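Here is the structure we will look at.
The values are calculated or read from the model by the stated rules, or taken from the named source; none is laboratory data. This structure is a prediction, so every number in the text was calculated from the model and none was measured. Note that each Cβ is placed from the backbone with ideal geometry, even for glycine, and that neighbours are counted across all protein chains shown.
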Amino acid sequence: MSYYGETHSERLARKAKDAPFMVVGLCGLVGLVGYSIYGFRNRKVKTSIYIIHTRVAAQGFVVTCLTLGVAYNLYNKFVKPKFSPPSIEETLDKREQ
């Protein structure tokens, strides 16, 4: 699939629709960088310890996002179809095939 000619905002919107947790990851990145800059200026611990704590926080955020993403995809693939009836369009598509 080729997406030539789309603007940055259109590309971000398309990516957000395809992978909603990407937006959460970008917001987390911006938040963590902002918190790190603020904390680095107002720290009361050694720089090496502060950097280690920041790295651990970033890794924890990534693991949390990945876990939520997997849970979301599993819910949409296995749980949601069992509890929601098929739409009229899906029913008609199956009959035509």
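Here are the numbers:
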| item | result |
| --- | --- |
| Whichever residue in the range 52-61 is more than 13 Å from G31 (Cβ to Cβ) and hydrophobic (A, V, I, L, M, F, W, C) and, among such residues, is surrounded by the fewest Cβ atoms within 10 Å (Cβ to Cβ) | V56 |
| Y75 being farther than 20 Å from K17 by Cα and of a type in the set (F, W, Y) | no |
| Qualifying residues in the range 1-51 (those that are surrounded by 11 or more Cβ atoms within 10 Å (Cβ to Cβ) and small (G, A, S)) - the one modelled with the lowest pLDDT | A19 |
| First in the range 63-75 and assigned to a helix (DSSP H, G or I), second anywhere and of a type in the set (A, V, I, L, M) and surrounded by 11 or more Cβ atoms within 10 Å (Cβ to Cβ), Cβ under 7 Å, 6 or more apart | C65/V24 |
| Count of residues meeting criterion [among the polar types (S, T, N, Q) and under 16 Å from P20 (Cβ atoms)] in the range 33-72 | 2 |
